[in-house]
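Below is one structure, written out as structure tokens, with a few remarks after it.
The values are calculated or read from the model by the stated rules, or taken from the named source; none is laboratory data. None of the values given here were measured: they were computed from a predicted structure. Because the Cβ atoms are built from the backbone with ideal geometry, glycine has one as well, and the counts that use them run over all protein chains shown.
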Amino acid sequence: MAKETPYQVLVRDLPTHRTFEVPPELVGEWLKGLPMRDALGAPDPDPQAGHGTADLDLYADGAHAFAAGTFRGELTVACSRCVNPVTLHIDEELRVTFMPRHELPEDDDEPAGDEDGEGAEVGEEDLDVFPFDGERIDLEPLLREQFVLAVPFAPLCAETCKGLCPQCGIDQNTASCSCTPPIDPRLAALKGLKIPS
Ligand SMILES: [Zn+2]
Ligand SMILES: [Zn+2]
């Protein structure tokens, strides 16, 4: 049995409408190990890590349970160019299905089902599925996923972020330096060429 969390709801309490709050300590814990989170060098726990609120209708139908509603929140990661904090906002409509483990689609790393279409009967709109033990639904993996998926591959504080100087490391958004970029030896060779006119 998984450990008790505030994000579990007993099936016998369904249907119900619940609001779940995710505090900064938990956001920080969930995002630990993510390069753009660790790059911040934030304190642990980090009161600025982020937070979220899920507002969900929960209901069950025999072997399956469902959650539908909204998730809003924010989180702080490092800009991939200048390493300054970037606040990302989450505003998602959620529709997920909880189903017994044996009905879950194949591992994400594997192609889902067989080529001939055999495999889990999971419709396109039901691809967001989580395991379900038939007794309680655990929303923690769903909430955690909202934060993890919100982090882009290369977060930016602004499209125009100038980043750090590769020589001295100064933040080129707020300061300037007199470093001159080293000349690529291949370009240096070109410089010596005379272009025939
Ligand atoms: Zn930046
Ligand atoms: Zn510099």
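Filtered by the rule that a residue be closer than 13 Å to residue 133 by Cα, in contact with a Ser or Thr (Cβ under 8 Å, 6 or more places away or on another chain) and surrounded by fewer than 20 Cβ atoms within 10 Å (Cβ to Cβ), the stretch 51-65 gives a lone residue, 64. Based on what the data block shows, is residue 169 at pLDDT below 80 and in a loop (DSSP other than H, G, I, E, B)? Against the criterion (at pLDDT below 80 and in a loop (DSSP other than H, G, I, E, B)), residue 169 does not qualify.
Out of the stretch 163-177, which residues are more than 7 Å from ligand 2 (Cβ to nearest atom) and over 20 Å from residue 78 (Cβ atoms)? Of everything in the stretch 163-177, just one residue is more than 7 Å from ligand 2 (Cβ to nearest atom) and over 20 Å from residue 78 (Cβ atoms), namely 176.
Residue-wise test of (1) in a loop (DSSP other than H, G, I, E, B); (2) among the aromatic types (Phe, Trp, Tyr); (3) more than 15 Å from residue 149 (Cα to Cα); (4) touching a helix residue (DSSP H, G or I) at 6+ places or on another chain (Cβ under 9 Å).
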site: 4; (1), (2), (3), (4): yes, no, yes, no
site: 26; (1), (2), (3), (4): no, no, yes, yes
site: 32; (1), (2), (3), (4): yes, no, no, yes
site: 44; (1), (2), (3), (4): yes, no, yes, yes
site: 55; (1), (2), (3), (4): no, no, yes, no
site: 82; (1), (2), (3), (4): yes, no, yes, no
site: 91; (1), (2), (3), (4): no, no, no, no
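Give the residue, chosen from 72, 81, that is modelled with pLDDT of 95 or more, within 16 Å of ligand 1 (Cβ to nearest atom) and of a type in the set (D, E, K, R). Quick ask: steps written out before the conclusion?
On the way: 72 fails: within 16 Å of ligand 1 (Cβ to nearest atom).
Of 72, 81, the one residue that is modelled with pLDDT of 95 or more, within 16 Å of ligand 1 (Cβ to nearest atom) and of a type in the set (D, E, K, R) is 81.
From the list 160, 174, 180, exactly one residue is modelled with pLDDT of 90 or more, farther than 30 Å from residue 30 by Cα, of a type in the set (Val, Ile, Thr) and loosely packed, with under 13 Cβ neighbours inside 10 Å. Which is it? Don't jump to the end; show me each part of the working.
Details: 160 fails: farther than 30 Å from residue 30 by Cα; 180 fails: modelled with pLDDT of 90 or more.
Just one listed residue meets the conditions, 174.
With respect to residue 41, is the statement that it is at positive phi and at pLDDT 95 or above true? So residue 41 does not fit the description; no.
Of the numbered criteria (1) surrounded by 15 or more Cβ atoms within 10 Å (Cβ to Cβ); (2) β-branched (Val, Ile, Thr); (3) farther than 30 Å from residue 169 by Cβ, the one residue 70 fails is (1).
Could you go through the stretch 109-129 and let me know if any residue there is outside any loop (DSSP other than H, G, I, E, B), in contact with a helix residue (DSSP H, G or I) (Cβ under 8 Å, 6 or more places away or on another chain), away from ligand 2 (no atom under 16 Å from the Cβ) and at pLDDT 90 or above. Steps first, please.
First, the residues of the stretch 109-129 that are outside any loop (DSSP other than H, G, I, E, B): 124-126, 129.
So of that shortlist, the ones also in contact with a helix residue (DSSP H, G or I) (Cβ under 8 Å, 6 or more places away or on another chain) come out as none.
No.
Residue 77: touching a Lys or Arg at 6+ places or on another chain (Cβ under 6 Å), at negative phi and more than 16 Å from ligand 2 (Cβ to nearest atom), yes or no?
yes
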